[in-house]
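What follows is one structure encoded as structure tokens, with my remarks underneath.
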Amino acid sequence: DARGETCRGSSGIENFDSATRCYDPRQLETSKLDKHMDVLDKNSTIVVSPSLFVSETPKKTDKYSQLSLVVGKVSLVLDNLFSDYDVSEEKCSIEGVCRMYENNQAFTTFRIRVYHSFAKGKPDEMRYVIVARKLSGDSLTFYRILNEMKSVFAVKNDGSIIDDPVSLGNCKRSFSSRGAQVQEEKMMRTYIDDLATILEGEFMDQKILAARALAHYARLGAAASKAIIENLSIVHSLMHIFDLADDLFIQPSYNHISCCELQLYTTFILAELSEDPKTAQLFINYGILERCFKSMLLVAQFEAGANRSRPRKYESVKRQNIKFWYRQSKRETARCLANIAAARRLEAADALRSRGFDYMMLSSGILSDDTMYSETRRFVSIFKGAEPGGCDSFSKHTRIRNRSA
């Protein structure tokens, strides 16, 4: 199950050393903890017990192995909570966004740093301290991250590791809305119309809530999907949001986080609706196919430039070129693109060709994200066809149409 997360793939810390890392353990460095400057909230601070290294890595006691173990365990926690993140070795810092669940129910950005400190009265006893900080988004999601890390690193009074994991149990955030609980189609459509009005508004926080509610509806079934796709106001708003986020993609900034959250729910709505083959022709007519293609083409070109300009010192380190807060929305864009092509291959071919595009523009791009790569491969393979000898059905269709013309 390749979800494309930065360090996805390790099933446990014992496998982490053999996995492709998103950081180089030889470059990890920590700063000395300044309690007044670095610790804004004691509840967000975790002291790593020295017994962690004794129990898990008895033969590895050097600084880099210990730091790699700490960062590796944090990475595994974030992977399990469907997070995208980047690791900065020189600061021993992890910045990312957590979606909580696979169906994108949250968008919480965070920063986690590892410092070193010394026990009081024991200047020779160095310990590592993890400091987590929420940058934006939902506090409950951040609380979940923090508690999952505490279950891994927290220390009892006797200095041993806590065995029982701290979790929120069944305390999952519910994103249900009053309209989602009403089964009558008429009332559902009325509520969707209300969301359409909010989505057209100027207040970003309200637009995010409306898009998140529509994303919930998009998962409910055919009746809700039909109500969304038939609402032209919603479709136009989604396309406008889509275009805006792609404009910001070229120059990523922390000021874009809210726009990226809105973009995530927007692309998720489109991708979910595209799972129904009946929507494919509408998406082609609305120009959504073209937008998805141009968006992934932009990503491919961006990645090509980043790969050329970045030195590859360590082949074992897997770097993501795309900023973490854009990744999931681009995965959803790639899914939508492939779904449309799968449902309406010939119509999609004609639509792209009429706008001067060729599917082969995406055939040679190397994408650093596994899911984006697999979805774009799926898109290209749909046009190449599956005839013996690798016959290119897209080109064959083109030749036939040209002869008839």
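Quick rundown of the values:
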{"quantity": "Ordering of 131-138, 368-375, 257-264, 200-207 by burial proxy (mean other Cβ atoms within 10 Å per residue, highest first)", "calculated": "257-264, 368-375, 131-138, 200-207"}
{"quantity": "Local net charge near R355, Cβ-Cβ under 14 Å (Lys/Arg +1, Asp/Glu -1)", "calculated": "-1"}
{"quantity": "Mean Cβ neighbour count within 10 Å, used as a protection proxy, ranking 265-273, 354-362 highest first", "calculated": "265-273, 354-362"}
{"quantity": "Filter on K150/K323; K32/K73; K73/K330; K42/K150; K226/K278; K42/K134 - keep pairs with C-alpha separation over 18 Å", "calculated": "K150/K323; K32/K73; K73/K330"}
{"quantity": "Which of K294, K330, K73 is most accessible, then next, and so on - probe 1.4 Å", "calculated": "K294, K73, K330"}
{"quantity": "Interchain or long-range residues, amide H under 5 Å from A106's placed H", "calculated": "Y101"}
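The values are calculated or read from the model by the stated rules, or taken from the named source; none is laboratory data. Please read these numbers as outputs of a predicted model, since none were measured by experiment. Every residue, glycine as well, gets a Cβ built from its backbone with ideal geometry; the counts of neighbours run over all protein chains shown. Heavy atoms of the whole protein, side chains included, go into the accessibility calculation; ligands, DNA and RNA do not. Shrake-Rupley method; radii C 1.70, N 1.55, O 1.52, S 1.80 Å.
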